[in-house]
Structures are given as C-alpha cells and as structure tokens.
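The values are calculated or read from the model by the stated rules, or taken from the named source; none is laboratory data. A quick note: this is a predicted structure, and the numbers were derived from the prediction, not measured. All Cβ positions, glycine included, derive from the backbone under ideal geometry; neighbour counts span all protein chains shown.
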Amino acid sequence: MEQFIAFASNNGMLSAIWVALLVMIIVTTIRMQLSPIKQISTQDLTFLMNREDGIALDIRKENEFKAGHILDAISLSSDKISKNGTASLEKYKDKPIIVVCTAGMSAVQIATNLHKSGFARVSVLKGGMNSWTSAGLPVVK
C-alpha cells in the first residue's frame, strides 16, 4: 500500500488520469443501467421479432443494407431519420423497435431520439450487425 501511495504522489498526472477514467467508467455504467434504451442481444432481437412483432430498424447506408440485412428489417438511414423525423415509423409506435447499425454505437442516438418522439419500446442491438453476422445468424441480400 505504501508503494501505491508513493507512486500516486510521485506521478500526480497519471494518478489524476486514472481516477478520471475510473469515474467515467462508473458514470457510463450507471447511465446505461438507468437509460430507457436497452441494449439487447441477438437472441432477444429474434424473440421480439418472432413473438411480439418487433421491427428491426436498420440505420446503415443503403449499400450496406443491400449487402446483407436481417430478414424483414426496415431500411431507414440515420440521415433520413434526422431530416424527415419519425413520420414513416408512426404505424410501428406500439411495437418493439430494435435499432440496428454496424457496430451498435450510432444506433443509441437514433434510439434516444425515437424514445423522445414517443416510441415507448425502443432498443438497440448490442454490437449491431457485426454481432448478428458473427453469431452466424442469417442475412438477406
């Protein structure tokens, strides 16, 4: 313990960076747990689509969508959603919507916007299409 204290006092900048990173990880984890937008697995997506008529909303670019997408997914790029809003999705307001992007990162912002627009059951596919294809699940071209 004495060595740790000596290291921290001799390397103030490194210690401060370490503490800042630790706090950021804790805050991010808490925010994810409290967020109304949940990240779901490929298995949960399949369950929502098959049992609850869930909608997979693919926000990737059109060429990526055509290269391979989840069966029955709706293609609506994030640019179109930003420009036109959620008018084209109003008929799915009562159904679970799972936002899918390439790696699961950019889908969070779109899902948050959908939730703010009144879509109550919005989720994000954890890992995006990368997790879907790496799990060996089928894609449609």
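Summed over the stretch 120-134, the residues that are modelled with pLDDT of 90 or more and more than 14 Å from residue 68 (Cα to Cα) give a count of 7.
For residues that are closer than 18 Å to residue 103 by Cβ and in contact with a helix residue (DSSP H, G or I) (Cβ under 9 Å, 6 or more places away or on another chain), tally how many sit in the stretch 39-58. Of the residues in the stretch 39-58, 8 are closer than 18 Å to residue 103 by Cβ and in contact with a helix residue (DSSP H, G or I) (Cβ under 9 Å, 6 or more places away or on another chain). Do we find a residue being of a type in the set (Val, Ile, Thr) and in a loop (DSSP other than H, G, I, E, B) anywhere in the stretch 97-105? Yes, the stretch 97-105 has at least one match. Taking the listed residues 116, 93, 61, the one that is touching a Phe, Trp or Tyr at 6+ places or on another chain (Cβ under 7 Å) and without any contact (Cβ under 8 Å) to a residue 60 or more places away in the chain is 93, with no other qualifying.
Is the stretch 24-35 home to any residue that is at pLDDT 90 or above and outside any helix (DSSP H, G or I)? For the stretch 24-35, residues at pLDDT 90 or above and outside any helix (DSSP H, G or I): absent. Residue selection: residue 53 satisfies the criterion of being touching a Lys or Arg at 6+ places or on another chain (Cβ under 6 Å), acidic (Asp, Glu) and at pLDDT 90 or above.
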